[in-house]
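Remarks on the structure that follows.
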Amino acid sequence: MEDEPATPGPDLLLRTLAEFRYELRRFLHFSECAALDAGLQPQQHQLLLQVAGAPQDTAVTISYAAERLGLKHNSAVELVDRSEREGLLERGVDADDKRRAILRVTHRGKLVLGRLAGDHAKELNELAPRLTKALKHISFNTHRSSHTHRANCAVVR
């Protein structure tokens, strides 16, 4: 995206939003391809990332994973089951509530996730300047706007 003067009007904002969305989509495509190359389905990669990256005091349950991934509970169960069968995750009993299972990434899962994290960090380093530039343009133009719209949308599965 070329440097453009910050002129009033929706055209610049629309171009900036389009560029930002394009860069995000490129990153998501990269991420999906990297997961597949590592032998994971993209949703498995996202699941491992959310389990491994959860705050330390968080009970990482299937409900937690479903929320973080934007999935229905039963879809998250199927994803966890598949990942467990493939040796990427394991379930343990929650010491505080025996009815809940706590998810943990296995050694194998950590190895795959570590390789993917390095690749993703490199890609984000290259992408960061373009995303930052677009965010600055968006921030500038939306602060000038008198109102914003937020859409309520259903989670796509």
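Numerical summary
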{"read-out": "Some residue of segment 35-51 being over 27 Å from D96 (Cα atoms) and either in contact with a Pro (Cβ under 9 Å, 6 or more places away or on another chain) or among the β-branched types (V, I, T) (or both)", "value": "yes"}
{"read-out": "Test result for L49, in contact (Cβ under 8 Å) with a residue 12 or more places away in the chain and either farther than 22 Å from F30 by Cα or touching a Phe, Trp or Tyr at 6+ places or on another chain (Cβ under 9 Å) (or both)", "value": "no"}
{"read-out": "Residue within segment 39-61 that is acidic (D, E) and either in contact with a Ser or Thr (Cβ under 8 Å, 6 or more places away or on another chain) or closer than 30 Å to S139 by Cβ (or both) present", "value": "no"}
{"read-out": "Count of residues meeting criterion [in contact (Cβ under 8 Å) with a residue 24 or more places away in the chain, surrounded by 13 or more Cβ atoms within 10 Å (Cβ to Cβ) and among the basic types (K, R)] in segment 66-97", "value": "1"}
{"read-out": "Identity of the residue in segment 98-118, without any contact (Cβ under 8 Å) to a residue 12 or more places away in the chain and assigned to a loop (DSSP other than H, G, I, E, B), that ends up surrounded by the most Cβ atoms within 10 Å (Cβ to Cβ)", "value": "K98"}
{"read-out": "Positions within segment 65-97 being at pLDDT 95 or above and part of a loop (DSSP other than H, G, I, E, B), in sequence order", "value": "G70, L71, K72, E86, G87, L88"}
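The values are calculated or read from the model by the stated rules, or taken from the named source; none is laboratory data. Just so you know, these numbers come straight off a predicted model, no measurement behind them. Cβ: placed from backbone, ideal geometry, glycine included. Neighbour counts: every protein chain shown.
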